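Please treat every number below as a calculation from the coordinates, not as lab data. Nothing here was measured: the structure is a model prediction, and the numbers come from that model. Using ideal geometry, Cβ is built from the backbone for each residue, glycine included, and neighbour counts are taken over all protein chains shown.
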Amino acid sequence: MRHIISLKEQSKEDILKMLDMAIKLKEKRNKGEMKSYLPQKTMIMFFEKSSTRTRLSFEAGMTELGGHAIFLDKRTSQFSKTDFGHEIQAVMRYADILMYRAKKAENVEKAASFDAVPVIDACSEKYHPAQALSDILTMAEHADGIENVKKIVWLGIENNVSNTLKLACAKLGIEVVLAAPEVDPDSVDEDLDKQAEDTGNVKKILDLEEALEDADYVHTDTWINMEFFNDDGSVKDSFKDEYDRRIDTFKPYQLNAEIIDKYAPEAKIMHCMPCHLGYEISRDAVEHDNSVIFDQAENRMHMQKAMILWQLGIEKV
Ligand code: CP
């Protein structure tokens with residue numbers, strides 16, 4: 001069964017297959033040539049955390065494929081009252097495919113272990129494969145082919161999003177430079193790191209000028225935690241020290257217009273969103289001529305349509 005959890009399970013050929021399908025699906029959609037590939041098929045979208053893009057892009061994608069998507073919120077269902085393994089097995093009896101935004105990747109792996117339906121990790125603390133594959137599509141589009149993407153740079157903190165992006169790019173032969181002074185401890189997967197590093201395509205460089213030289217794409221993601229703040233935007237007293245420590249550690253790696261214009265004027269600017277303006281990224285970077293951030297958001301839908309079809313065994317579009 002084709003689960004998509006960490007991208008450790010997918011080969012270079014699998015990634016290229018889904019990329020090819022996503023490009024064709026998007027082209028056909030833009031020409032008004034949509035086809036119902038999945039009549040009477042249901043995706044269950046199970047969320048333990050909030051979302052804008054993941055929910056909308058998967059749901060709209062299933063609609064466009066001629067199937068149906070059901071939103072299931074952990075807080076308004078019975079999961080808190082019973083055994084997770086039992087409840088998720090019942091859920092999958094209604095589904096042809098399960099998309100799961102989980103607090104813990106181990107629960108996505110547990111759902112997949114039943115091999116009832118294909119499962120997608122839709123952002124856990126360790127992985128975000130749908131984001132990584134969608135970002136491959138965005139980079140391929142803006143470079144006129146993924147083979148023209150030679151180098152990406154990740155700024156800030158290594159985390160769930162960088163894990164899957166690093167692995168996907170490394171498998172495709174793209175140089176990945178991590179300009180990140182820390183790793184989110186919850187995101188660590190040593191097997192994933194080994195798979196990525198064994199390709200020989202991953203480097204850690206903390207000097208910004210050196211890291212950004214000849215970059216094609218520069219990515220970042222949040223290193224600030226929303227639980228640090230009061231409702232009025234002030235920092236809670238209990239988090240003040242950690243807030244100050246993170247500003248000191250990560251702010252030098254902020255993705256902003258100044259560093260792009262100075263060190264990598266040809267590089268495209270990427271962020272999976274939501275953007276925390278003034279922290280990991282500045283407004284002048286989001287709105288820079290080099291920004292492809294809104295294409296990234298749109299491409300979630302096109303790539304995820306390809307992922308869903310591939311997982312359900314449809315490879316010709
Ligand atoms: N990038 C991303 O996954 O966005 P959401 O958290 O809004 O789904």
Quiz item: Within the range 26-51, how many residues turn out to be surrounded by fewer than 16 Cβ atoms within 10 Å (Cβ to Cβ) and not in a loop (DSSP other than H, G, I, E, B)?
Solution: 4
Exercise. Output the residue which, of all residues in the range 264-317 that are touching a Lys or Arg at 6+ places or on another chain (Cβ under 7 Å) and of a type in the set (D, E, K, R), is nearest to SER162 (Cα to Cα).
Key: ARG300
Quiz item: LYS81 fails exactly one of the following numbered conditions: (1) away from the ligand (no atom under 15 Å from the Cβ); (2) among the basic types (Lys, Arg); (3) within 24 Å of GLN131 (Cβ to Cβ). What is the number of that condition?
Solution: (3)
Practice problem: Look through the range 274-304, keep the residues that are farther than 18 Å from LYS251 by Cα and part of a loop (DSSP other than H, G, I, E, B), and return whichever of them is farthest from the ligand (Cβ to nearest atom). | Solution: ASP289
Exercise. Taking only the range 49-98 into account, find how many residues are farther than 28 Å from GLN296 by Cβ, free of Cβ contacts under 8 Å to residues at least 24 places away in the same chain and of a type in the set (S, T, N, Q).
Key: 5
Practice problem: Considering each of VAL176, VAL153 in turn, give the residue that is more than 16 Å from the ligand (Cβ to nearest atom), farther than 20 Å from ASN225 by Cα and in contact with a His (Cβ under 9 Å, 6 or more places away or on another chain). | Solution: VAL153
Quiz item: In the set ALA306, ALA264, ALA257, which member is farther than 30 Å from LEU25 by Cβ, of a type outside the set (Ser, Thr, Tyr) and in contact (Cβ under 8 Å) with a residue 60 or more places away in the chain?
Solution: ALA264
Quiz prompt | Candidates ALA60, ALA69, filtered to the one that is surrounded by 15 or more Cβ atoms within 10 Å (Cβ to Cβ), within 16 Å of the ligand (Cβ to nearest atom) and within 14 Å of GLN40 (Cα to Cα) | solution = ALA69
